[in-house]
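Enquirer: Before anything else, here's the structure in question.
The values are calculated or read from the model by the stated rules, or taken from the named source; none is laboratory data. Note that the structure is a prediction, hence the values are computed from the model and not measured. Note that each Cβ is placed from the backbone with ideal geometry, even for glycine, and that neighbours are counted across all protein chains shown. Please note that ligands, DNA and RNA were not included when accessible areas were found on the heavy atoms of the full protein model with its side chains. Shrake-Rupley method; radii C 1.70, N 1.55, O 1.52, S 1.80 Å.
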Amino acid sequence: MSDKVNEKEMVEVISTQTKVEAESIRLVLKHEQAFINKAQANAEGEVDIDNDELVDYVIAQRDVKLDELTVETILDAEMDYLMDKGLAGYVD
């Protein structure tokens, strides 16, 4: 997570949107960060993340007890939050 992101606020917003408990959201975000940290940056220093691969990675973790749709919903809500804050975007 970037220092610009208020993680507590983000988790609260995601929890309100998804109706998923904060602990589960933090777990998904932790595994998401591990996946991103392993990804290779391109020549511009950007990391292209395939959402399907990310979801598969997260649900494959032993401690994640959420279904695929719930993980996707959490990740989509996180992206919406980050885009609203101007901290992330999609590359076409």
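Enquirer: Which fully enclosed helices (runs of 4 or more DSSP H) of the range 1-63 have 1 or more residues being in contact with a Leu (Cβ under 6 Å, 6 or more places away or on another chain)?
Expert: Working: elements: 7-18, 22-38, 51-60.
Filter on the range 1-63 gives 22-38.
Enquirer: Considering the range 12-38 alone, what residues qualify as being without any contact (Cβ under 8 Å) to a residue 24 or more places away in the chain and farther than 19 Å from Asp48 by Cα?
Expert: Initially, the range 12-38 is screened for residues without any contact (Cβ under 8 Å) to a residue 24 or more places away in the chain, giving 12, 15-16, 19, 21-23, 26, 30, 34-38.
If the condition is that a residue be without any contact (Cβ under 8 Å) to a residue 24 or more places away in the chain and farther than 19 Å from Asp48 by Cα, then Glu12, Ser15, Thr16, Lys19, Glu21, Ala22, Glu23, Arg26 are the ones that fit.
Enquirer: Which condition breaks for Ile49 when tested against (1) modelled with pLDDT under 90; (2) out of contact with any helix residue (DSSP H, G or I) (no Cβ under 9 Å at 6 or more places or on another chain)?
Expert: All conditions are met except number (2).
Enquirer: Given Ile59, Ile25, which one is open to solvent by 50 Å² or more (accessible area, probe 1.4 Å) and either on the phi > 0 side of the Ramachandran plot or at pLDDT 90 or above (or both)? Spell out how you get there, then give the answer.
Expert: On the way: Ile25 fails: open to solvent by 50 Å² or more (accessible area, probe 1.4 Å).
Among Ile59, Ile25, only Ile59 is open to solvent by 50 Å² or more (accessible area, probe 1.4 Å) and either on the phi > 0 side of the Ramachandran plot or at pLDDT 90 or above (or both).
Enquirer: Of the residues Lys30, Lys19, which single one is on the phi > 0 side of the Ramachandran plot and modelled with pLDDT of 95 or more?
Expert: Lys19
Enquirer: Can you name the condition, by its number, that Leu66 falls short on among (1) closer than 22 Å to Leu87 by Cα; (2) at pLDDT 95 or above; (3) more than 12 Å from the chain's Cα centre (by Cα)?
Expert: Going through the list (1) closer than 22 Å to Leu87 by Cα; (2) at pLDDT 95 or above; (3) more than 12 Å from the chain's Cα centre (by Cα), Leu66 breaks only (1).
Enquirer: If you check Asp76, Asp67, Asp48, Asp84, which single one turns out to be without any contact (Cβ under 8 Å) to a residue 24 or more places away in the chain and more than 18 Å from Glu23 (Cα to Cα)? Quick ask: steps written out before the conclusion?
Expert: Numbers: Asp76 fails: more than 18 Å from Glu23 (Cα to Cα); Asp67 fails: more than 18 Å from Glu23 (Cα to Cα); Asp48 fails: without any contact (Cβ under 8 Å) to a residue 24 or more places away in the chain.
Checking each option against the conditions leaves just Asp84.
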